[in-house]
Amino acid sequence: MKGGFRVNRPGVLTLLQDAGRFGHNRFGLTTGGPADPLAFNWANRLCGNDRGITALEVTIGGLELECQADTIFALCGADMPLTINGQPKESWRSQRVKSGDRVALGYARRGMRAYLAVADGFNIPATFGSTATVVREGVGGLSGNPLQAGDHLPCAATSSRQCLSLARGYRPVYGGRVILRVVSGYQSELITNDQQQHFFASEYRLLSQSDRMACRLAGPPIDIDIPDLLSEGVCLGAIQIPPDGLPIILMHDRQTIGGYPKLGSVMSLDMSQLAQLKPGGLVSFKSVTMAEARHIRLAADSMYRQINPEVCD
Amino acid sequence: MKVVPASENALIIYFEQVVTADTSARVRQATAVLESALVDVLIDLVPSYASLLVIFDLSCIDAATLEQQITEMLDAAPAASSSDGKLVELPVYYSMESGPDLAEISRVKKVSVEEVIALHQSREYLVYAIGFAPGFAYLGEVDSRIVMPRLDTPRTLVPRGSVGIAGRQTAVYPVDSPGGWNLIGLCPERMFDPLSEPGMPLQVGDRVRFFSINRETFLARGGRLA
């Protein structure tokens with residue numbers, strides 16, 4: 001048997017993801033990639049991997065894998081009870097496993113999505129430069145599909161890697177409320193000041209119809225009067241206001257072009273938080289300038305690089 | 001031309017907001033200019049009917065500097081020509097069995113089925129935008145004698161390769177999908193193939209001409225009939 005992991009139970013929705021598919025938007029191919037890049041990056045880093053290596057995005061939980069290689073893996077992101085051969089284990093640190101071990105994830109107590117990375121990543125051929133699974137397009141992963149029972153996830157064996165742990169103080173905490181920072185843009189100048197203030201002062205509830213394409217919100221509608229638009233490119237975090245006035249936040253699997261008015265886009269850092277919010281969670285918005293957003297992003301990237309995980313075995 | 005913020009790391013360039021070959025040529029030209037000049041800072045470019053979304057790496061450049069560079073480069077670019085895009089010729093098997101809405105178009109527009117087919121092939125179309133699904137190219141504009149509104153109730157399954165008309169636009173469905181366009185034929189060419197790169201024959205600004213093939217040729221070229 002070749003090395004890797006066998007999928008015993010695929011869980012609710014488990015997708016192979018790398019950093020995403022870039023440079024193909026103009027052909028109608030969306031970006032894909034991890035909905036929470038922060039947790040995805042930590043999972044890889046705790047395995048000693050380079051950034052953007054193929055890992056699993058486990059939504060809600062229920063995954064069970066059987067090891068067919070001696071290696072290390074790390075689980076980061078949503079708080080899903082992790083066991084190896086039935087023994088509870090800690091997330092946010094790498095764990096050593098050997099062939100025959102069973103790795104099981106329960107259902108998320110906090111957060112929505114967890115990332116399971118292995119040393120040197122899962123060995124999956126790229127399509128259009130990426131392994132990111134986009135089910136709607138049938139692209140990436142294993143034939144464009146979510147994991148299914150019986151799938152084989154090839155990866156290399158390794159015994160030389162150290163296990164690493166992220167100190168508790170650095171681990172994100174996922175609550176029931178997020179404040180998303182927004183860079184105004186697109187048609188924002190066509191939206192009245194009154195309606196913009198109304199938007200930034202309102203609180204919304206995340207609807208269960210949300211998925212990797214878009215987060216849908218319920219709450220006070222925004223009243224805009226913008227004539228028909230020609231479809232135009234939409235980016236990550238773009239906030240669409242359709243005719244019913246209820247904001248829709250576009251996620252990693254969004255369509256590449258769209259014709260609804262948009263008042264701006266949520267900062268990428270905060271998209272990670274939104275990806276971990278459970279349906280029913282509360283969402284509000286805060287305005288930042290494009291320059292502020294850049295400084296915040298660069299400071300966060302610098303902070304990420306400065307944190308040193310601890311060796312733990 | 002106007003450059004507007006879109007997100008922390010994206011600017012959108014708006015050209016005159018009209019669907020014309022001239023505007024489309026400016027979009028295509030801007031895409032080509034920025035693609036070669038900004039290769040180090042670009043993450044992705046999304047051209048559409050009358051705009052170009054520029055997604056950049058904010059660790060390499062800030063928005064104000066990029067906006068200035070974009071403005072200078074596009075102001076210095078020579079006038080765009082609408083005939084620069086590459087010409088792609090696509091075969092279509094037009095028939096009652098491959099085009100379930102031909103009869104309805106003929107009835108509503110009071111032109112014969114043969115004329116509908118001839119008019120669809122009578123002009124060169126421009127790729128104004130690609131979206132909805134990978135490889136779904138919005139082509140315009142069809143002869144006014146065959147302009148048809150979308151179906152009242154979209155079909156739950158339109159087979160891959162179906163050639164449709166919606167309003168003044170025409171397109172080839174790249175994959176099996178739901179859809180509300182009026183179907184007039186089938187194209188055996190793959191407009192999107194997830195297993196082959198580049199996988200897509202068309203880009204925004206390309207030109208498309210359709211030509212008629214018979215059933216035998218359609219099948220010989222790998223076309224499939226339900």
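The values are calculated or read from the model by the stated rules, or taken from the named source; none is laboratory data. Bear in mind the structure is a predicted one, so any value in this text is a computation, not a measurement. Every residue, glycine among them, receives a Cβ derived from its backbone with ideal geometry; neighbour counts consider all protein chains shown. The area values use the complete protein model at the heavy-atom level, side chains included, leaving out ligands, DNA and RNA. Shrake-Rupley method; radii C 1.70, N 1.55, O 1.52, S 1.80 Å.
Scanning the range A:47-58 for residues that are out of contact with any helix residue (DSSP H, G or I) (no Cβ under 8 Å at 6 or more places or on another chain) and surrounded by 24 or more Cβ atoms within 10 Å (Cβ to Cβ) yields A:Cys47, A:Thr54, A:Leu56, A:Val58.
With respect to the conditions (1) open to solvent by 30 Å² or more (accessible area, probe 1.4 Å); (2) closer than 26 Å to A:Lys286 by Cα, A:Ala214 lacks only one, and its number is (1).
Cβ-Cβ distances below 6 Å connect the following pairs, each with a first residue in the range A:231-246 that is at negative phi, a second residue that is of a type in the set (S, T, N, Q) and in a loop (DSSP other than H, G, I, E, B), and a separation of six or more residues or different chains: A:Ser231/B:Ser48; A:Glu232/B:Ser48; A:Gly233/B:Ser48. Note on the range A:275-286: residues that are of a type in the set (A, V, I, L, M, F, W, C), closer than 27 Å to B:Leu11 by Cα and assigned to a strand (DSSP E or B) total 2.
Could you go through the range A:115-122 and let me know if any residue there is assigned by TED's automatic domain parsing to the domain that holds A:Ala35 and under 19 Å from A:Val173 (Cα atoms).
Applying the first criterion (assigned by TED's automatic domain parsing to the domain that holds A:Ala35) to the range A:115-122 yields A:115-122.
Those left that are additionally under 19 Å from A:Val173 (Cα atoms): A:115-116.
Checking the range A:115-122: at least one residue is assigned by TED's automatic domain parsing to the domain that holds A:Ala35 and under 19 Å from A:Val173 (Cα atoms).
Do you know which of the residues in the range A:227-239 that are open to solvent by less than 20 Å² (accessible area, probe 1.4 Å) and within 23 Å of the chain's Cα centre (by Cα) is farthest from the other protein chains (Cβ to nearest Cβ)? Spell out how you get there, then give the answer.
As a first pass, look at the range A:227-239 and keep what is open to solvent by less than 20 Å² (accessible area, probe 1.4 Å): A:232-235, A:237-239.
Narrowing further to those that are within 23 Å of the chain's Cα centre (by Cα): A:233-235, A:237-239.
Numbers: A:Gly233: 3, A:Val234: 7, A:Cys235: 4, A:Gly237: 6, A:Ala238: 7, A:Ile239: 10 Å.
So, considering only residues that are open to solvent by less than 20 Å² (accessible area, probe 1.4 Å) and within 23 Å of the chain's Cα centre (by Cα), the one farthest from the other protein chains (Cβ to nearest Cβ) is A:Ile239.
When the range B:45-57 is examined, which residues are found to be open to solvent by 10 Å² or more (accessible area, probe 1.4 Å) and without any contact (Cβ under 8 Å) to a residue 60 or more places away in the chain?
Those that are open to solvent by 10 Å² or more (accessible area, probe 1.4 Å) and without any contact (Cβ under 8 Å) to a residue 60 or more places away in the chain: B:Ile55, B:Asp57.
The set of residues in the range B:11-59 that are in contact with a strand residue (DSSP E or B) (Cβ under 6 Å, 6 or more places away or on another chain), more than 8 Å from chain A (Cβ to nearest Cβ), β-branched (Val, Ile, Thr) and more than 20 Å from B:Tyr125 (Cα to Cα) comprises B:Ile13, B:Val41, B:Val54.
What are the residues in the range B:1-31 that are among the hydrophobic types (A, V, I, L, M, F, W, C) and under 16 Å from B:Glu72 (Cβ atoms), if any? The answer is B:Met1, B:Val3, B:Leu11, B:Ile13, B:Ala30. For the range A:122-147, a residue qualifies if it is more than 12 Å from chain B (Cβ to nearest Cβ) and of a type in the set (Phe, Trp, Tyr), and exactly one does: A:Phe122. Put simply, of A:Asp50, A:Asp18 the only residue that is free of Cβ contacts under 8 Å to residues at least 40 places away in the same chain and either touching a His at 6+ places or on another chain (Cβ under 6 Å) or more than 14 Å from every other protein chain (Cβ to nearest Cβ) (or both) is A:Asp50. Per the listing A:Ile222, A:Ile249, the residue uniquely within 14 Å of chain B (Cβ to nearest Cβ) and either touching a Lys or Arg at 6+ places or on another chain (Cβ under 9 Å) or more than 29 Å from A:Gly169 (Cα to Cα) (or both) is A:Ile249. For the range B:29-135, the helices (runs of 4 or more DSSP H) that sit wholly inside it and include 3 or more residues that are farther than 20 Å from B:Phe15 by Cα are B:102-109, B:113-120. Considering the range B:154-213, the residues that are part of a loop (DSSP other than H, G, I, E, B) and aromatic (Phe, Trp, Tyr) include one that is modelled with the lowest pLDDT, namely B:Phe192.
Among the residues making up the range B:59-74, those that are open to solvent by 60 Å² or more (accessible area, probe 1.4 Å) and in contact (Cβ under 8 Å) with a residue 24 or more places away in the chain are B:Glu67, B:Gln69.
Quick check: is even one residue across the range A:103-110 surrounded by fewer than 24 Cβ atoms within 10 Å (Cβ to Cβ) and in contact with a Lys or Arg (Cβ under 7 Å, 6 or more places away or on another chain)? Break it down stepwise before answering.
From the range A:103-110, those surrounded by fewer than 24 Cβ atoms within 10 Å (Cβ to Cβ) are A:103-104, A:106-110; that's our starting set.
If we keep only those that are in contact with a Lys or Arg (Cβ under 7 Å, 6 or more places away or on another chain) too, we end up with none.
No, the range A:103-110 has no match at all.
Applying a threshold of 8 Å to beta carbon distances and a minimum spacing of six or more residues, or different chains, the list of pairs starting in the range A:159-185 at a residue that is more than 14 Å from chain B (Cβ to nearest Cβ) and ending at one that is among the polar types (S, T, N, Q) and assigned to a loop (DSSP other than H, G, I, E, B) reads A:Pro172/A:Gln276; A:Tyr174/A:Gln276. Looking only at residues in the range A:287-312 that are away from chain B (no Cβ under 11 Å) and in a strand (DSSP E or B), the one that is most open to solvent (accessible area, probe 1.4 Å) is A:Glu310. Taking each residue of the range A:266-286 that is more than 14 Å from chain B (Cβ to nearest Cβ) and looking for partners that are assigned to a loop (DSSP other than H, G, I, E, B) and aliphatic (A, V, I, L, M) with beta-carbon atoms closer than 6 Å, six or more apart or interchain, yields A:Ala275/A:Ala35. Hey, does the range A:45-59 have a residue that's of a type in the set (Ser, Thr, Tyr), within 12 Å of the chain's Cα centre (by Cα) and modelled with pLDDT of 95 or more? Scanning the range A:45-59 turns up at least one residue that is of a type in the set (Ser, Thr, Tyr), within 12 Å of the chain's Cα centre (by Cα) and modelled with pLDDT of 95 or more.
Would a scan of the range A:69-80 turn up a residue that is in a strand (DSSP E or B), charged (D, E, K, R), open to solvent by 10 Å² or more (accessible area, probe 1.4 Å) and over 25 Å from A:Met267 (Cβ atoms)?
Step one: filter the range A:69-80 for residues in a strand (DSSP E or B), giving A:71-79.
Right, trim to charged (D, E, K, R) and you get A:79.
In the following step, the residues that additionally are open to solvent by 10 Å² or more (accessible area, probe 1.4 Å) were identified as A:79.
Then keep just the ones that are over 25 Å from A:Met267 (Cβ atoms); that gives none.
Checked against the condition, which is being in a strand (DSSP E or B), charged (D, E, K, R), open to solvent by 10 Å² or more (accessible area, probe 1.4 Å) and over 25 Å from A:Met267 (Cβ atoms), the range A:69-80 yields no hits at all.
Among the residues of the range B:21-29, not a single one is over 24 Å from B:Gly140 (Cβ atoms), out of contact with any Pro (no Cβ under 7 Å at 6 or more places or on another chain), of a type in the set (A, V, I, L, M) and open to solvent by less than 20 Å² (accessible area, probe 1.4 Å).
Residues that are open to solvent by 30 Å² or more (accessible area, probe 1.4 Å) and more than 18 Å from A:Gly233 (Cα to Cα) within the range A:259-286 comprise A:Leu269, A:Gln273, A:Lys278, A:Pro279, A:Gly280, A:Leu282, A:Lys286, listed in sequence order. Selection of the range A:81-98 for residues being without any contact (Cβ under 8 Å) to a residue 40 or more places away in the chain, surrounded by fewer than 17 Cβ atoms within 10 Å (Cβ to Cβ) and of a type outside the set (Val, Ile, Thr) yields A:Pro81, A:Asn85, A:Gly86, A:Gln87, A:Pro88, A:Lys89, A:Lys98.
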